[in-house]
């Protein structure tokens, strides 16, 4: 299909009716940028010259999103060519159902859906859930979207999303972009083989060249004041030469914005953390997952758990010395027992003063995971199997002695023993909370929350 020059494509990052975790006012201040969709929007604008805008649903209702579009000056009936709907999470499906029905009933516009984490391996299921959708795109969308919208007489070569990351994102195409902390896509893929991860078999790309990253930072400084930036990569790989080159380039800048990334224990160059700190690295999200040797092996995180935990400890001390905040991701996995939980908790408490924050949660089974028999062999079970077909996911009883409600309670208890109110706010403010959300407002919002829904200590 082609689009008329006087028509506009509306790209929507699907919202959620409620946050994945507790539904409270604090979690509704999260504004995590859908950088993948913004990359596609930028590509269509720059390569094809298409009129296109983007809006994120966040926790607004579909009606509120359409109202914001109208307030931006867009007459949907007159100006809109079609909708691109990105589904970033399976938890967005109920929102998407209402949104698509609303678009078709009110405007009759075409709806194209993508979002590889949800769509891939599940196109038939997505179709059954979103019956008003006209087209579903699987995988990375770059080539397919260019093929759909390019003029018939124009040939454009676009690399597959499996081989190339997005260049500079055009934030001015995003409505209310100043409310979001920006992102720079540095790499794609992981391929480390962890049993719980959707990216376990996806080839990891090399990091984006450092000169391109610095160029993006220069651009961001023309748009944002006092910003932090997420260096996006499922598994940030700190290649030695890349670190050295990035360090030298950043030393030439007057300002080094605080940046954050997600990585693995074995990927962190301990002897280069001092240099990384001087480039602006402020938060390391580390997928530790567990401090139980048994569980680390079960989830295929490492074959040498003792060595793994010793390295993690070294990293914590070195990060503290260089004023880098560490957030540890902890997964309560299939086969957990009171002993394995205790091992993880004791390790975290031992290193409490070295940890800025943690994210603790029980394993959730998703429709396309495909490892049900493996989880069952470890002692896990799905209490309400019929819900998977309806929602696309199910909470797991991790073992005969730890059901999903137990796991939720354990996760909250561990979190509150580690995270302070201030530390929680500090870490969330880099790339998660909307820009301009102050600690004073955060404290006021705490008073409106069910204290049992908070993952941090109040006092």
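The values are calculated or read from the model by the stated rules, or taken from the named source; none is laboratory data. What you see is a predicted model; the values in this text were computed from it and never measured. Every residue, glycine among them, receives a Cβ derived from its backbone with ideal geometry; neighbour counts consider all protein chains shown.
For (1) modelled with pLDDT of 90 or more; (2) surrounded by 20 or more Cβ atoms within 10 Å (Cβ to Cβ); (3) within 21 Å of residue 31 (Cα to Cα); (4) in contact with a strand residue (DSSP E or B) (Cβ under 9 Å, 6 or more places away or on another chain), each residue gets a yes or a no:
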{"residue": "90", "(1), (2), (3), (4)": "yes, yes, yes, yes"}
{"residue": "102", "(1), (2), (3), (4)": "yes, no, no, no"}
{"residue": "155", "(1), (2), (3), (4)": "no, no, no, no"}
{"residue": "158", "(1), (2), (3), (4)": "no, no, no, no"}
{"residue": "164", "(1), (2), (3), (4)": "no, no, no, no"}
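What about residue 343, is it closer than 25 Å to residue 233 by Cβ, in contact with a helix residue (DSSP H, G or I) (Cβ under 9 Å, 6 or more places away or on another chain), touching a residue at least 24 places away in the same chain (Cβ under 8 Å) and assigned to a helix (DSSP H, G or I)?
So residue 343 fails the test.
From the list 94, 88, pick out the single residue that is in a loop (DSSP other than H, G, I, E, B) and under 18 Å from residue 20 (Cβ atoms).
Just one listed residue meets the conditions, 88.
Can you confirm whether the stretch 187-206 contains a residue that is modelled with pLDDT of 95 or more, within 23 Å of the chain's Cα centre (by Cα) and either outside any helix (DSSP H, G or I) or surrounded by fewer than 18 Cβ atoms within 10 Å (Cβ to Cβ) (or both)?
no
Can you report the number of residues in the stretch 310-340 which are buried (at least 18 other Cβ atoms within 10 Å of the Cβ) and part of a helix (DSSP H, G or I)?
6
Give 295, 272 a once-over and let me know the one that is in a helix (DSSP H, G or I) and more than 13 Å from residue 332 (Cα to Cα).
Exactly one of 295, 272 is in a helix (DSSP H, G or I) and more than 13 Å from residue 332 (Cα to Cα), namely 272.
Among what's in the stretch 20-34 and is surrounded by 22 or more Cβ atoms within 10 Å (Cβ to Cβ) and in contact with a strand residue (DSSP E or B) (Cβ under 8 Å, 6 or more places away or on another chain), pick the residue that is nearest to residue 393 (Cα to Cα).
34
Tell me, please, whether a residue that is surrounded by 20 or more Cβ atoms within 10 Å (Cβ to Cβ), in a helix (DSSP H, G or I) and either at negative phi or modelled with pLDDT of 95 or more (or both) can be found in the stretch 435-442.
Among the residues of the stretch 435-442, not one is surrounded by 20 or more Cβ atoms within 10 Å (Cβ to Cβ), in a helix (DSSP H, G or I) and either at negative phi or modelled with pLDDT of 95 or more (or both), which makes the answer no.
Inspect all residues belonging to the stretch 291-302 and state whether any of them is under 19 Å from residue 412 (Cα atoms), in contact (Cβ under 8 Å) with a residue 24 or more places away in the chain and within 24 Å of the chain's Cα centre (by Cα).
Within the stretch 291-302, one or more residues are under 19 Å from residue 412 (Cα atoms), in contact (Cβ under 8 Å) with a residue 24 or more places away in the chain and within 24 Å of the chain's Cα centre (by Cα).
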